[in-house]
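The values are calculated or read from the model by the stated rules, or taken from the named source; none is laboratory data. Given the structure is predicted, the values throughout are model-derived calculations rather than measurements. Backbone-built Cβ (ideal geometry, glycine too); neighbour counts: all protein chains shown.
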Amino acid sequence: MRLGVTLGGSDTSGNFICELVGTPKRRDEIEEDDEYVFDTSRVCKKFTWNYEPELVGEICWDQVSEVHKLRSEILVSARWTGNVSRFMNHSCSGNVMWQPVEFEKGGQPSVRIAFFAKKHIPLLQELRYDYGMSLDTGEVDGNGNRIFRGKKVCFCGSENCRCSFE
């Protein structure tokens, strides 16, 4: 059984929860048994980067074109170094989402991963986010989208459970 994270008080949708802390890695440095790897290249439920108006109670409209493309994938292992973010568990319908936060450090562009509440999170409710999936099955769904699956069986119990995650 994995550890989980809850809040000591309730949190409002859109609030910052924590930053991902760990050791940046290249794909060839990731150990197969490392269960604390955060990988931005995994396929997750789609959402528009930096535009989640329902978090602050605004009306969502379909004309948004701000889609964020990262310059490269981000791989972070929290196996040996990390913070509370390493203990957040998976859910196909999580109450937390991650966002890339870009900034300059020493005149160079840099990116960090921040976690935010997707909705109101009551006191002591476990914090969960979608770990995503990386294995392309080679199949397509009825809408022509590629179908991915994860390496592990999912038991999150959400209505939208995909039955697997990374």
Query raised in the report: Across region 107-117, what is the number of residues that are out of contact with any strand residue (DSSP E or B) (no Cβ under 9 Å at 6 or more places or on another chain) and either among the basic types (K, R) or part of a strand (DSSP E or B) (or both)?
Result: 1
Report summary line: When every residue in region 69-105 that is among the aliphatic types (A, V, I, L, M) and within 23 Å of E31 (Cα to Cα) is compared, the one surrounded by the fewest Cβ atoms within 10 Å (Cβ to Cβ) is V84
Query raised in the report: Across region 109-118, which residue is farthest from the chain's Cα centre (by Cα) among those that are at pLDDT 85 or above and of a type outside the set (G, A, S)?
Result: R112
Query raised in the report: Take the residues of region 106-121 that are more than 19 Å from L75 (Cα to Cα) and among the charged types (D, E, K, R): which is surrounded by the fewest Cβ atoms within 10 Å (Cβ to Cβ)?
Result: K119
Report task. Considering every residue within region 26-41, establish whether at least one is of a type outside the set (S, T, Y), touching a Pro at 6+ places or on another chain (Cβ under 6 Å) and either modelled with pLDDT under 80 or exposed (fewer than 13 other Cβ atoms within 10 Å of the Cβ) (or both). Result -> no
Requested in this report: Would you confirm whether any residue within region 142-155 is in a strand (DSSP E or B) and among the small types (G, A, S)?
Outcome: no
Query raised in the report: Hey, does region 118-135 have a residue that's more than 20 Å from D39 (Cα to Cα), among the basic types (K, R) and either in contact (Cβ under 8 Å) with a residue 24 or more places away in the chain or not in a loop (DSSP other than H, G, I, E, B) (or both)?
Result: yes
Report summary line: Per the list (1) within 24 Å of T23 (Cβ to Cβ); (2) in a loop (DSSP other than H, G, I, E, B), residue check on E104 breaks on (2)
Requested in this report: Within region 150-161, identify whether any single residue is at pLDDT below 80 and under 25 Å from E31 (Cβ atoms), and answer yes or no.
Outcome: yes
Query raised in the report: Looking at (1) under 27 Å from S13 (Cβ atoms); (2) in contact with a Lys or Arg (Cβ under 9 Å, 6 or more places away or on another chain); (3) surrounded by 13 or more Cβ atoms within 10 Å (Cβ to Cβ), which is the one condition that is false for L127?
Result: (2)
Report task. Scan region 48-99 residue by residue and report those that are among the aromatic types (F, W, Y) and at pLDDT 55 or above. Result -> W80, F87, W98
